[in-house]
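The values are calculated or read from the model by the stated rules, or taken from the named source; none is laboratory data. Everything quoted here is computed from the prediction, not taken from an experiment. Quick reminder, even Gly has a Cβ in these numbers, built from the backbone with ideal geometry, and neighbours come from all protein chains shown.
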Amino acid sequence: MMAKATILFKVYPTDPEKVQQTMDSIKAAMNPAAMQAQEVAFGIKLVKVLFIYESDKAGSSQLEDRLKKVQGVSEVEVEEETLM
């Protein structure tokens, strides 16, 4: 049986005014399980993106690399990774 894992990324958009466009690009390119915009401070916004994947196939580094290539994405950080 393959183990499933979840990974939550914090994604910083290249343009804080275009958070929704960044979310649309992520959704189109990668089909995450969930996604939510969050204001950090002083108008700075980030997008939290959750993926569920089979832990023996796509690793977190592969998902992170793919996220970094999405249009509108500036930085990506792993916030949490757990086995289900």
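Scanning segment 21-68 for residues that are among the small types (Gly, Ala, Ser) and out of contact with any strand residue (DSSP E or B) (no Cβ under 6 Å at 6 or more places or on another chain) returns 25, 28, 29, 41, 43, 58, 59, 61.
To keep it simple, each residue is scored yes or no on (1) of a type in the set (Lys, Arg); (2) at pLDDT 95 or above; (3) over 19 Å from residue 77 (Cβ atoms).
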{"residue": "22", "(1), (2), (3)": "no, yes, no"}
{"residue": "26", "(1), (2), (3)": "no, yes, no"}
{"residue": "48", "(1), (2), (3)": "yes, yes, no"}
{"residue": "54", "(1), (2), (3)": "no, no, yes"}
{"residue": "58", "(1), (2), (3)": "no, no, no"}
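For residue 17, the conditions (1) of a type outside the set (A, V, I, L, M); (2) touching a Leu at 6+ places or on another chain (Cβ under 7 Å); (3) free of Cβ contacts under 8 Å to residues at least 40 places away in the same chain are fulfilled apart from (2). Counting the residues of segment 26-42 that are of a type in the set (Val, Ile, Thr) and within 10 Å of the chain's Cα centre (by Cα) gives 1. The C-beta contact set for segment 24-41 (first residue more than 17 Å from residue 14 (Cβ to Cβ), second residue assigned to a strand (DSSP E or B) and of a type in the set (Phe, Trp, Tyr), distance under 7 angstrom, 6+ apart or interchain) comprises 32/51; 33/51.
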